[in-house]
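Visitor: Dropping the structure in here first, questions after.
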Amino acid sequence: MVAPGALRVVRCGGSALRGARAVFSADSKYLLYVSGDFVKVYSVNTEETLRLMGGHADLVTGIQLNPHNHMQLYSCSLDGTIKLWDFMDGIPIKTFTVGTKLLALYTLASAEDSVFAVIPKKGERDTFQLVSVTLTKGAGQDLEGKELSVVLDGVGASMKHIAFGREVCSPSGFFFLLCSVGWLVLVFFSQMNCIFSLSTTKTKGGDNRFSCVVCHPKEDCIATGHADGKIRLWRNFHDKKEYTYSTLHWHHDIVMDLAFSIEGTRLLSGGVESVLVQWHNESSCQKDFLPRLGSPIEYISMSSDGDLCCTLHTDNRISIINSNLRFSRSIQGLIKSRDVKTGLVVDPRTKALVLNGEPGHLQFYSLQSDQQLFSLDIVQRQYIHQAGLKQSDLVKVAFSAQGTWLATVEESEEVTDPELQLKLWFYNEEIQSFELNTRINTPHDNHITDMCFRDMDELGDDSLILVTTGRDCVFKVWVMVEDTDPEGDVSWSCDFVGSYHNYQATNCCFSEDGSLLAVSFEETVTVWDSLTWDLKCTFCHPPGNIRNICFGRLTCSKYIIGATDYGFLCCWNLLTCALEWSAQLNVVVLQPDPLSEYIAAISWLSKESSLFVFKPNEPLPVYIQRNLCKDKILLAAFVPRDEPEITSSEKYPWLRKSQLFFLTDTQICETKILLTFFFKLAVEESLPVTPFSLLLGKHRHQQAQEDTDLGKLVVHNKQKQASPAVKELLHTPAHVLPSASFLCTIFINSLLISKEKKSAEEVADEVEMESEKAEDDSDEEDITAMEQEDTSHMELLGEMTCKLSKSQEKELRKIRKMDYSWISAL
Amino acid sequence: MGEFEVHRVRFFGLVPAGVRCLACHPRGSRLALARTDGAVEVYNFAANYFQEKVIPGHELRTVESLCWAAGDRLFGAGLSGDITEYDLSGLSAARGVDGGGGPIWSMVANSTGTQLAIGCEDGSVKIFQVVPGGIQFERNLDRRKGRVLCLSWHPSDTHIVAGSIDFFRVIDVTSGQTVQRIMVNHHVEKAKRECVVWAISLLSSGTVVSADSFGRVQFWDWEQGTLAESHTVSTSAALSLAVSEKEDSIIVGTSTGATYQLQLLPVTLGGQEKRWVRTKPFQFHSHDVRAVAHSPTALISGGLDAQLVIRPLMEKIQKKSYDAALRKFTFPHRRLVSCARKARLLLFQFSQYLELWRLGSTEETGKDGEVLPLCQMPEHLVQLKSKGPEHIYCSCVSPCGTWVGYSTASRFHLYRVHCDGDGVSLRKVPKVPKLLPPAYQLQFSADSDSLFVASARGSVHVFQLLEPGGCKHLHTLRPPSGVEGRCLPFLPRGSAQGGCVAEVSAVVPSVHCPLLQHHCTVPTYNCAVSALAIHPSTNNLVIAYSDQQLLEFSIPEKQYTSWSRAVQSRGLHRAWLERDSPITHITFNPKNPSHILLHDTYLLCVLDKSLPLPDDSTLLMNQSTLKQLPETARKRQLHAFKICKKFQPLLFMDLLDENCLVVVERPIMDFKTQLPLPVQQKKFGT
């Protein structure tokens, strides 16, 4: 556990929902699916995500119900652990540490105390083996699962490449099947070496490679999907010569996944066509289709009562489909488009993140629920999936301050002569959606580089101005005009065109009060009066073009910040028209917090991203986080909090009103699938592991907060703080709770209204008492190490050095020492 | 410049007739096939599926059904209402016996081959007794309304199942009563269309398998009258059905050209419960598959696109051999083209007429592989229609191009061709001596003054051709006693002094070379002869057998030549032996006596006896690789078989003179376009 107070990066959403086949619970009431590092429990009836089961340190690669207890779930992850969960309560029961990456997980009813997993073979790249992992029975929660016995070498890495068949009554025992690129192997389990290899020679070329395999639940029949779109049903496969197969062919491209119904009478298949095909009685003539599922199907799973099935799509969506092939509902995660051209924009109305979604669409993504709220069709043209076709896509998005107006720019992919369209959308309260108001064809002669609204709440609609900058060396100002027609609608037209020495305009931004407009023209930042459109002054920091500019806010509104692609971050004073300070920093993202004067700059240097938070009026950053994450951070956004957070405000005032989110590209080497993750910076809280520790943790945290808040006039609602602990106590199943006598004190304590004005001496005494015991705690070591790291970074930074003051350091130590005092107190 | 100037002829508009029905010999050695024009062919499985016998059709005699009965006797029945027995040694149809129930749609023999059951237009099922020398009406079974389209005997001969439109019924043979009548689509609510039961089979377990026009294959328990299983194999009609002898596999032919195999498989490994499962689909045909047969090791299907496809069942074949490959036969294994070398004329034989064409000519020369422009286009000189309903057995044009002869089942015709300028006239030669019909082969001598006619019982008649248009029967050559009656004469091309004729019996393939009298006999070989020719200068007889063996027999020395012995001891190349179709024509290059030119449907080969024979490790078709090699390396790589696969499918090849070759091709696509449109099917991506 990391000590509270430290800042860390939390992966908070947008992860791929298609890490593994989803699983229905035995009663089909819940759908369990993988979302990045987490397993989510979704209620099929209420369409709500009930629980988030986190604990794995890396991507979850497989989930399976425990065949002996349908309320339990096994999950395996790339972090090398297998966890057994009680998914009804969302608590981990056991953790088995295997030690190597686990790529797929299989359970078998007849194997009492072992599960099967696919692991990479040691010492060899790209070869994998199927192992049976013996799950040791032990009392503790963390157990070793190192007893591996290799079942088969050279299997495919994907979970779709292995299927376990029915148990055969004959002495040969149950069989399982593996298919890999070009071969299908049948293994009878009791005779480990008895391998029948089918169709090894028949595959010529790469065309009929196997893509997936499933077993018939009742009969000895195997269905395999192939890269050429065929499905083959193998029978009689125990005989080397007399095996036979029939072919079902509808898909025109690779069959991505197959699933048999519970009686085996129906077979579902899906592929890139985004059509779910249902085959009846293995006949190629009787088939039903569910078309227009939106995007290629990657996994299909079937509920145990055969009532529901769900498909996982490549665009991060889960569709739940009824048995009569009616689309029922869907869970839409973040759509990862190829290129997030729009950047991360926050919708002021819903506080949702807005970015490119499906081609030509704008997605509104809710970070709280990790689901897509809404998808707005901007391009309004049929998207044709074809390589090399020039598509129109959305490149720029801007919201007005209240979210009433939305401006979008779309352009075709042609490099030389882009077909540009600027669209302005008005939010219609009645239909609760954006309506197209004005469409402007070819607003600029070349690509539009930036766009912003003058957003002044107090001045009303009249002040609403849109500025676009283009590579055609001008910036244009667009204003609303009343239409002449009797309905009195408004539309947008160009009001002013400005240019500067025929340089390409790259960025634009309004000052907080809207009186000034800054437009960067290659190396120069120009400042314009927004009333008269006069050029006021220019700033320049050669060499290097301006990459980002922004105005300071609130107390720092006299500053303008610019980042150049030559690796400089400059701050100019608008009053003196002089450079206030500059720092050498390769800034990739420059993001001002809309609600405070803080500005976040994310740099990319030597394969790591670093975060710097600063106020424009002081050259020293208020916060530095080196090595924020290994991947390149593409975009970042401050999302306003619903209510200002107070707890962390002391150390991180810049996180008080907003949260910082950022977006990275993560590449998983084996599968070459691009995944997107949202990360957020969050103040660390101790991770709950069991309800008990959760309870304890709450208290500890509460105490810590108390300590940090000491000497401050903060009204702290203890009742509110305590209530989760009580809730937790009441909602935890009885069999996992510690004895009532043990809990009693905590419970009573949580109900007490604690003394606000506890004197500092008292606290200090307590600290003295407990510090001895807590000294050996490893976490403390971590903290100091982290501190050292921090300082070393600061030294490296050169001109941006910053040191914690002695008093700050002292305070920090105090917090740390107080941390575990409550454990022993109990 | 290449070795030969090639006339690439593509104007032979042959459209082979579609396959109507198939009958596998009960012992599985032969396959009888009837075409839609009434022709009946017999394929010998043992001799690499060689088309051993062809009985040309008859306008009035369509064949709807064929069956083998009483050993090797072949019976056919058709819409004329007659049951015909075929004389397989004499290659003719015997006089038919009237079935007495109108057009006959189906005929099956019982398991012992002693009785034939026919299904008639009027709804009656009649039983005929097979007696020596013919058949005898035995009795009528229960007659119901509705034509009987298909019949099947129970393996124990106690019951017959008869399929009609919308229903089938089971008839007890001993009592003659209908014991069960099952509507095949009574469970379909208000079926608008009628459901034709196209094929039916009664299994020993009492299961009736029916294939109907709704594309279904259904399994019925006839005693209960219940449907056990139904497989919709196709969206269009299922037309034909055949069950393997073990009754564990069924082949179904459909009107889309696809065939499907159904297999009886255990539901679970080692379990007792078995179920019919549709397994492999095959799409070999473009048109209706009207006939299927199930041999122990292969699925055989014949379609209206004239193709006969033999698809081996790999799991039943023990070792890799000729049988283990897919075979497709579209064109006959015999010559339909003859060539007048000197006059540069080609005679094309169709089923009821002949066409005489003059080859085009060019004055240009060019490099190897170049297409030369024609200065004179090929010219269709004359079309000669055969009289009467009978189809043509054989035809020939004399080397000088002035005589044309053809034969039908009952008559032999000889014509004199007069070419004067642009006009061509044909005059029938009067008073052609009556022969014992039919003539199986015709051959003019190289100097066009005599004609050899191969006829029944291995006899060869020799005619002398007289100017300006007459002929005289000189004498008849007869094979040595003991083989007569069982042999088919086979006339070789080219003879030295104009008097050498060889004949071959197909059943006991020995070659007799009488130089006006019996000269010698080639040792017998257990395979049918597919082509033979006598070298004009060395008098060596080159024989190609249907198992792809090549033998060279020296007639003067009355023994095999040393080259032939070398070939035999060494063995031919594996790729040569595994070829698809038999050699149909052999000719020689007068410029180079060591060259033998031969061809089958897919390749043209110049066999150079002076070069070493290839062994299995070398590439047989090495012409393209040789071209890339330098001169010295090429010498080392050369072997006797110089193969050209440029012309496909090749129906005929002959040498006009030393460096001029004529090849007759019939591209598959050309004749496919002349077939009726296939069943419309939606193809993805079109």
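The values are calculated or read from the model by the stated rules, or taken from the named source; none is laboratory data. Worth saying up front: this structure is predicted, and the values here are computed from it rather than measured. Cβ sites come from the backbone with ideal geometry, for glycine too, and all protein chains shown count toward neighbours.
Visitor: Given the options A:Leu590, A:Leu574, A:Leu585, name the one that is touching a residue at least 40 places away in the same chain (Cβ under 8 Å) and in contact with a Ser or Thr (Cβ under 7 Å, 6 or more places away or on another chain). Don't jump to the end; show me each part of the working.
Guide: Working: A:Leu590 fails: in contact with a Ser or Thr (Cβ under 7 Å, 6 or more places away or on another chain); A:Leu574 fails: in contact with a Ser or Thr (Cβ under 7 Å, 6 or more places away or on another chain).
Step by step, each of A:Leu590, A:Leu574, A:Leu585 is checked, and only A:Leu585 is touching a residue at least 40 places away in the same chain (Cβ under 8 Å) and in contact with a Ser or Thr (Cβ under 7 Å, 6 or more places away or on another chain).
Visitor: Need pairs with beta-carbon distance below 9 Å; first residue under 19 Å from A:Cys550 (Cβ atoms) and within the stretch A:611-629, second among the basic types (Lys, Arg) and not in a loop (DSSP other than H, G, I, E, B); sequence gap 6+ or separate chains.
Guide: Final answer for the pair search is A:Leu611/A:Arg626.
Visitor: Going through B:Ser175, B:Ser205 one at a time, which residue ends up being surrounded by fewer than 18 Cβ atoms within 10 Å (Cβ to Cβ) and either within 14 Å of chain A (Cβ to nearest Cβ) or touching an Asp or Glu at 6+ places or on another chain (Cβ under 8 Å) (or both)?
Guide: Numbers: B:Ser175 fails: either within 14 Å of chain A (Cβ to nearest Cβ) or touching an Asp or Glu at 6+ places or on another chain (Cβ under 8 Å) (or both).
The unique qualifying residue is B:Ser205.
Visitor: Still on this structure, please answer the following. Collect the residues in the stretch A:240-253 that are more than 8 Å from chain B (Cβ to nearest Cβ) and either without any contact (Cβ under 8 Å) to a residue 24 or more places away in the chain or buried (at least 20 other Cβ atoms within 10 Å of the Cβ) (or both), keeping them in residue-number order. So that I can check it myself, show each step before the final result.
Guide: Taking the stretch A:240-253 and keeping what is more than 8 Å from chain B (Cβ to nearest Cβ), we get A:240, A:248-251, A:253.
Selection gives A:Leu248, A:His251.
Visitor: Moving to a separate point now. Looking only at the stretch A:296-315, filter to residues that are surrounded by 18 or more Cβ atoms within 10 Å (Cβ to Cβ) and among the hydroxyl-bearing types (Ser, Thr, Tyr); which one of those is farthest from A:Val34 (Cα to Cα)? Lay out the reasoning, then the answer.
Guide: Our first condition is that a residue be surrounded by 18 or more Cβ atoms within 10 Å (Cβ to Cβ); within the stretch A:296-315, this holds for A:296-303, A:308-315.
Then keep just the ones that are among the hydroxyl-bearing types (Ser, Thr, Tyr); that gives A:299, A:301, A:303, A:311, A:314.
Numbers: A:Tyr299: 12, A:Ser301: 13, A:Ser303: 16, A:Thr311: 13, A:Thr314: 14 Å.
The qualifying residue farthest from A:Val34 (Cα to Cα) is A:Ser303.
Visitor: Among the strands (runs of 3 or more DSSP E) confined wholly to the stretch A:288-386, which include 1 or more residues that are of a type in the set (D, E, K, R) and either in contact (Cβ under 8 Å) with a residue 12 or more places away in the chain or under 22 Å from A:Leu17 (Cα atoms) (or both)? So that I can check it myself, show each step before the final result.
Guide: Working: elements: A:297-302, A:308-313, A:317-322, A:327-332, A:353-356, A:361-366, A:371-377.
Passing ranges, in order: A:297-302, A:317-322, A:327-332, A:371-377.
Visitor: While we're looking at this one, here's another question. Collect the residues in the stretch B:270-315 that are on the phi > 0 side of the Ramachandran plot and out of contact with any Cys (no Cβ under 9 Å at 6 or more places or on another chain), keeping them in residue-number order. If you could, list the steps in order and put the result at the bottom.
Guide: Step one: of the stretch B:270-315, the residues on the phi > 0 side of the Ramachandran plot are B:270, B:306.
Answer for the stretch B:270-315, where residues must be on the phi > 0 side of the Ramachandran plot and out of contact with any Cys (no Cβ under 9 Å at 6 or more places or on another chain): just B:Ala306.
Every residue, every condition in (1) modelled with pLDDT under 80; (2) within 14 Å of chain B (Cβ to nearest Cβ); (3) buried (at least 16 other Cβ atoms within 10 Å of the Cβ); (4) not in a strand (DSSP E or B), yes or no:
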| position | (1), (2), (3), (4) |
| --- | --- |
| A:Ser190 | yes, yes, no, yes |
| A:Asp207 | yes, no, no, yes |
| A:Trp234 | no, yes, yes, no |
| A:Phe237 | yes, yes, yes, yes |
| A:Leu258 | no, no, yes, no |
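Visitor: Quick check on my filter: what residues within the stretch B:260-302 are within 24 Å of B:Phe45 (Cβ to Cβ), more than 13 Å from chain A (Cβ to nearest Cβ) and not hydrophobic (A, V, I, L, M, F, W, C)?
Guide: B:His285, B:Arg290, B:His294, B:Ser295, B:Pro296, B:Ser301, B:Gly302
Visitor: Consider B:Arg139 carefully, then state whether it is part of a strand (DSSP E or B) and surrounded by fewer than 24 Cβ atoms within 10 Å (Cβ to Cβ).
Guide: Details: part of a strand (DSSP E or B): yes; surrounded by fewer than 24 Cβ atoms within 10 Å (Cβ to Cβ): yes.
Yes, satisfied.
To keep it simple, each residue is scored yes or no on (1) under 20 Å from B:Glu52 (Cα atoms); (2) modelled with pLDDT of 75 or more; (3) in contact with a Cys (Cβ under 8 Å, 6 or more places away or on another chain); (4) not hydroxyl-bearing (Ser, Thr, Tyr).
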{"residue": "B:His512", "(1), (2), (3), (4)": "yes, no, yes, yes"}
{"residue": "B:Asn526", "(1), (2), (3), (4)": "yes, yes, no, yes"}
{"residue": "B:Gln549", "(1), (2), (3), (4)": "yes, yes, yes, yes"}
{"residue": "B:Gln559", "(1), (2), (3), (4)": "no, yes, no, yes"}
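Visitor: May I pose another question? Go through the residues of the stretch B:137-144 one by one and say whether even a single one is at pLDDT below 95 and within 35 Å of the chain's Cα centre (by Cα).
Guide: Within the stretch B:137-144, one or more residues are at pLDDT below 95 and within 35 Å of the chain's Cα centre (by Cα).
Results for (1) touching a strand residue (DSSP E or B) at 6+ places or on another chain (Cβ under 6 Å); (2) aromatic (Phe, Trp, Tyr); (3) outside any strand (DSSP E or B), shown as yes or no for each residue.
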| site | (1), (2), (3) |
| --- | --- |
| B:Pro593 | no, no, yes |
| B:Leu598 | yes, no, no |
| B:Ser610 | no, no, yes |
| B:Asp616 | no, no, yes |
| B:Leu626 | no, no, yes |
| B:Lys646 | no, no, yes |
| B:Phe671 | no, yes, yes |
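Visitor: Let me ask something else. So the check is Cβ under 8 Å with 6+ separation or different chains; which pairs have a first residue in the stretch A:213-230 that's within 14 Å of chain B (Cβ to nearest Cβ) and touching a residue at least 60 places away in the same chain (Cβ under 8 Å) and a second one that's of a type outside the set (Asp, Glu) and not in a strand (DSSP E or B)?
Guide: Final answer for the pair search is A:Cys221/A:Gly264.
Visitor: Filter the stretch B:248-259 down to residues that are over 15 Å from B:Ser213 (Cα atoms) and within 11 Å of another protein chain (Cβ to nearest Cβ) and give me whichever is surrounded by the fewest Cβ atoms within 10 Å (Cβ to Cβ). Explain how you work it out, then say what you get.
Guide: Here is the first cut: in the stretch B:248-259, the residues over 15 Å from B:Ser213 (Cα atoms) are B:248-251.
Those left that are additionally within 11 Å of another protein chain (Cβ to nearest Cβ): B:248-249.
On the way: B:Asp248: 14, B:Ser249: 22.
That would be B:Asp248.
Visitor: I'd like to verify a number: residues in the stretch B:59-108 that are of a type outside the set (A, V, I, L, M), part of a strand (DSSP E or B) and at pLDDT 90 or above, how many? Walk me through how you get there before you give the answer.
Guide: Filtering the stretch B:59-108 for residues of a type outside the set (A, V, I, L, M) gives B:59, B:61-62, B:64-65, B:67-68, B:71-73, B:75-76, B:78, B:80-82, B:84-87, B:89-90, B:92, B:95-96, B:98-103, B:105-106.
Subset that is part of a strand (DSSP E or B): B:61, B:65, B:67-68, B:73, B:75-76, B:82, B:84-87, B:92, B:98, B:105-106.
This time we only want the ones that are at pLDDT 90 or above, so: B:65, B:67-68, B:73, B:75-76, B:82, B:84-86, B:98, B:105-106.
Qualifying residue count, the stretch B:59-108: 13.
Visitor: A follow-up question, please. Out of B:Leu264, B:Leu299, I need the residue that is buried (at least 24 other Cβ atoms within 10 Å of the Cβ) and under 26 Å from A:Lys230 (Cβ atoms). Which one?
Guide: Within the list B:Leu264, B:Leu299, the selection yields B:Leu299.
Visitor: Go through the stretch A:545-567 and count every residue that is surrounded by 17 or more Cβ atoms within 10 Å (Cβ to Cβ) and over 15 Å from A:Ile599 (Cα atoms).
Guide: Looking only at that region, the number is 4.
Visitor: Which ones in the stretch B:227-237 are buried (at least 20 other Cβ atoms within 10 Å of the Cβ) and away from chain A (no Cβ under 11 Å)? Before the answer, list the steps.
Guide: Step one: of the stretch B:227-237, the residues buried (at least 20 other Cβ atoms within 10 Å of the Cβ) are B:231, B:233-234, B:237.
Hit for the stretch B:227-237 is B:Ala237, nothing else.
Visitor: Among (1) at pLDDT below 80; (2) in contact with an Asp or Glu (Cβ under 7 Å, 6 or more places away or on another chain), where does A:Val477 come up short?
Guide: Only one criterion in (1) at pLDDT below 80; (2) in contact with an Asp or Glu (Cβ under 7 Å, 6 or more places away or on another chain) is unmet by A:Val477, namely (1).
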